[in-house]
Amino acid sequence: MRNFVVKITVLAMLIVLCLWQIITLWFGDMSSHNFLVKRDSTHGRVLAAPKAIWVNIGKLAYKIDGSRNEYSTLINEQKHVIEGAVKNGKIKTDETLTYESLLGMPGILYEYDLEIGIQELVGTGIDKLAEDIGVRQVFIDMSSYNDAKVNLYLVGNEISSIYKTTLYKKIDAHQKILEKFNNPEITGGLMGYQPSITSDKKQYIRDNSFLPLNTKERPLEYEILTIHNPIEEKEGEDKLELLESYVNSFFANPLLKQVDMREDGSIIFSENMRAIVKYEPAGTLEFNITSANRETKLNAVQRLNKVMEFIESCSGIPDFLKEGIYLTQIMQQGEEYTYKFSYKYKGFGVHLTKKVKEELGIDQILEITIKNNQVVSGKWSVLDIEPAEEPGLLKGKLLKEYGAVIDQVFERYVQDKNEIDQLDIVQCRYIIDMTKGKSHLNWIVLYKNNWYYP
Amino acid sequence: MKRLKNLMLFLAFIGIGLFGSTVYATDVITTTSNVKVETVTKDDKKVEIIVSEDKYVRITQPTKVNTSTFESKMNVMGETSQGTEITIEVYNTSLDKKGISLVKNVTVYTVKTVGITETFNQFIELLEGENKIVLIYTNEKDKKNKEKMIFYVTRESEEKKEFIKTYNVFQDSKTPFK
């Protein structure tokens with residue numbers, strides 16, 4: 001009798017364990033076997049890519065080249081750190097610290113082109129945070145890493161307002177990168193950058209620009225890029241076939257779409273007025289989709305996620321563009337939100353001149369508009385931007401130093417230097433001033449809403 | 001005659017003893033500086049800068065007459081009047097067994113003529129050991145002709161850097177050696 005009771009008890013326990021395991025597998029929480037619940041679509045996706053990542057070793061900084069593996073490793077680790085900060089909720093303003101002293105610490109700085117909410121940065125809700133913090137720069141201070149401690153600093157549009165939190169986390173990739181850039185044998189061949197806020201030109205530049213320390217003896221070497229429209233290089237059926245590979249994903253039934261070839265060279269693809277895609281021979285694709293009637297409001301994270309999901313899946317956007325874009329502006333007009341993206345090549349911004357923007361009819365290289373819960377329109381450049389292959393045209397050299405550039409701008413454009421008018425941006429970017437030809441790296445200055453190319 | 005010969009020899013030995021270092025005249029660096037450190041107020045903060053004897057040139061980086069660093073490069077930055085022509089000579093030196101500074105390498109940088117912002121910079125390479133920096137400035141209008149500023153930047157060795165790093169780790173961790 002006693003044995004019988006023991007057997008029944010053990011059997012009952014095993015049945016309960018089996019049931020628990022089945023429930024966990026099918027309806028469970030964090031299990032990866034849970035295939036009934038749709039996974040969070042933001043998982044693993046970087047919603048807002050930085051325009052530049054800098055390794056700060058004290059007085060000098062080095063740029064992380066966007067094409068290297070370390071770029072994505074760093075971004076993932078940074079996301080992990082911010083998520084940790086959001087979860088513990090202890091992010092407070094640090095009034096004792098100045099931005100200038102921040103750049104004197106060893107660490108890694110992530111620069112964004114616009115101020116975005118911290119939740120958009122990591123793609124999660126604000127959880128325990130009392131307020132949504134606007135972030136334009138993220139600095140991970142590694143000076144206390146030997147104590148297994150990292151300080152996370154968040155800087156908004158106003159560089160005087162710095163938020164800080166301390167986390168006890170292991171971020172090995174950050175540490176390895178910092179060690180690497182502290183090795184003179186490695187940095188010997190790399191271009192060092194001077195943060196303008198700690199430079200001799202501090203009073204002439206608003207906030208901060210990272211200025212390359214190129215000299216005549218050690219110029220800034222870069223790859224020369226070629227710009228061309230691959231669609232216009234084809235004719236007849238080949239051209240239409242290539243274009244169809246770009247636009248077919250917009251239509252429910254691509255075979256039934258209508259094609260209207262205009263005299264000016266533009267081609268319009270449409271499907272029962274539900275979707276219209278227009279190709280302009282200058283080098284753009286534009287689409288409009290009939291908006292969803294159902295009003296489903298999305299929050300900022302969901303909106304950005306929807307836009308990024310669209311970009312990832314859209315076959316009409318060139319792959320190189322998808323890899324190099326970074327968010328530069330969000331514009332709201334009624335219920336419509338337009339997300340504008342710029343493009344960078346190997347860590348250097350690609351700048352479209354006013355002439356090229358007018359020719360292409362775009363403000364930024366990629367623009368996507370979302371209304372309610374649906375991406376409703378967009379326009380982008382389909383121009384190929386790739387390294388030049390012609391012999392002798394592979395590498396360019398930038399000799400002009402930052403001191404000469406700033407002096408030149410002040411001499412030519414600033415009336416009274418004693419007014420201490422500040423230049424808004426002083427940078428090196430690839431400048432695209434024609435839709436077919438070469439693009440070189442050069443200095444670019446933003447002053448009183450005008451771009452100058454000294 | 002023999003006495004005279006001995007006297008000459010004696011004087012020659014004394015001469016060598018007294019002025020022996022001048023034998024290496026072209027290689028030796030004297031560790032003297034002719035600059036001053038001043039405290040100035042910038043952005044409501046007191047900062048130190050190096051100024052030339054005539055206060056015509058102010059160096060904002062480095063800020064000490066003798067600076068030590070682990071970095072292999074430095075952006076020398078400063079301020080002076082528009083139109084000043086500047087050359088920077090960097091003498092990398094090391095001490096021999098007798099404690100005499102010997103020049104291992106000399107690099108000369110010609111800085112762009114100082115412009116309207118009245119600031120200048122020059123990115124220089126630092127070799128391990130002492131780097132004597134000689135900044136030569138000329139401005140005809142202000143009657144400055146090849147005036148010199150001398151200051152030093154010592155780049156510490158990689159071994160020392162590693163030692164300090166290890167030392168810090170032991171300092172920070174709870175070891176019985178603490």
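Numbers for the structure displayed
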| quantity | calculated |
| --- | --- |
| Subset of the range A:264-294 [modelled with pLDDT of 90 or more and aliphatic (A, V, I, L, M)] | A:Ile267, A:Ile268, A:Ile276, A:Val277, A:Ala282, A:Leu285 |
| Residue in the range A:348-360 that is among the hydroxyl-bearing types (Ser, Thr, Tyr), within 18 Å of A:Tyr453 (Cα to Cα) and not assigned by TED's automatic domain parsing to the domain that holds A:His440 present | yes |
| Subset tally (residues that are free of Cβ contacts under 8 Å to residues at least 60 places away in the same chain, open to solvent by less than 60 Å² (accessible area, probe 1.4 Å) and more than 10 Å from chain B (Cβ to nearest Cβ)) for the range A:168-223 | 1 |
| B:Ile86 vs. criteria more than 9 Å from chain A (Cβ to nearest Cβ) and within 27 Å of B:Lys141 (Cβ to Cβ) | yes |
| Matching option when the condition is more than 14 Å from every other protein chain (Cβ to nearest Cβ), of a type in the set (S, T, N, Q) and farther than 19 Å from A:Tyr345 by Cβ, among A:Gln408, A:Gln422, A:Gln364, A:Gln374 | A:Gln374 |
| Total residues in the range A:140-165, condition more than 14 Å from chain B (Cβ to nearest Cβ) and without any contact (Cβ under 8 Å) to a residue 60 or more places away in the chain | 7 |
| Out of B:Lys112, B:Lys98, B:Lys141, sole residue that is within 14 Å of another protein chain (Cβ to nearest Cβ), over 18 Å from the mean Cα position of the chain (by Cα), more than 21 Å from A:Gly58 (Cα to Cα) and open to solvent by 30 Å² or more (accessible area, probe 1.4 Å) | B:Lys112 |
| Test: A:Leu243 is in a helix (DSSP H, G or I) and open to solvent by less than 40 Å² (accessible area, probe 1.4 Å) | yes |
| Residue in the range A:102-118 that is at pLDDT below 85, charged (D, E, K, R) and open to solvent by 30 Å² or more (accessible area, probe 1.4 Å) present | no |
| Subset of the range A:226-239 that is surrounded by 15 or more Cβ atoms within 10 Å (Cβ to Cβ) and out of contact with any Leu (no Cβ under 9 Å at 6 or more places or on another chain) - its residue that is farthest from the other protein chains (Cβ to nearest Cβ) | A:Lys239 |
| Filtered residues of the range A:180-212 (kept if in a helix (DSSP H, G or I) and closer than 21 Å to A:Tyr110 by Cα) | A:Lys180, A:Phe181, A:Thr187, A:Ser196, A:Ile197, A:Thr198, A:Lys202 |
| Residue in the range A:255-263 that is farther than 20 Å from A:Asn372 by Cα, part of a helix (DSSP H, G or I), modelled with pLDDT of 85 or more and out of contact with any helix residue (DSSP H, G or I) (no Cβ under 6 Å at 6 or more places or on another chain) present | yes |
| Count of residues meeting criterion [part of a strand (DSSP E or B) and surrounded by 12 or more Cβ atoms within 10 Å (Cβ to Cβ)] in the range A:290-345 | 17 |
| Criterion violated by A:Lys357 - all others in (1) within 29 Å of A:Tyr62 (Cβ to Cβ); (2) surrounded by fewer than 20 Cβ atoms within 10 Å (Cβ to Cβ) satisfied | (1) |
| The listed residue being part of a strand (DSSP E or B), in the same structural domain as A:Lys371 (by TED's automatic domain parsing) and of a type outside the set (D, E, K, R), out of A:Ser270, A:Ser249 | A:Ser270 |
| Checklist (1) at pLDDT below 90; (2) touching a helix residue (DSSP H, G or I) at 6+ places or on another chain (Cβ under 9 Å) applied to A:Tyr337, failing item | (1) |
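The values are calculated or read from the model by the stated rules, or taken from the named source; none is laboratory data. Please read all numbers here as calculations on a predicted model, not as lab measurements. Heads up, the Cβs are rebuilt from the backbone with ideal geometry, glycines too, and the neighbour counts pull from every protein chain shown. Areas reflect the complete protein model, heavy atoms only, side chains present, ligands, DNA and RNA absent. Shrake-Rupley method; radii C 1.70, N 1.55, O 1.52, S 1.80 Å.
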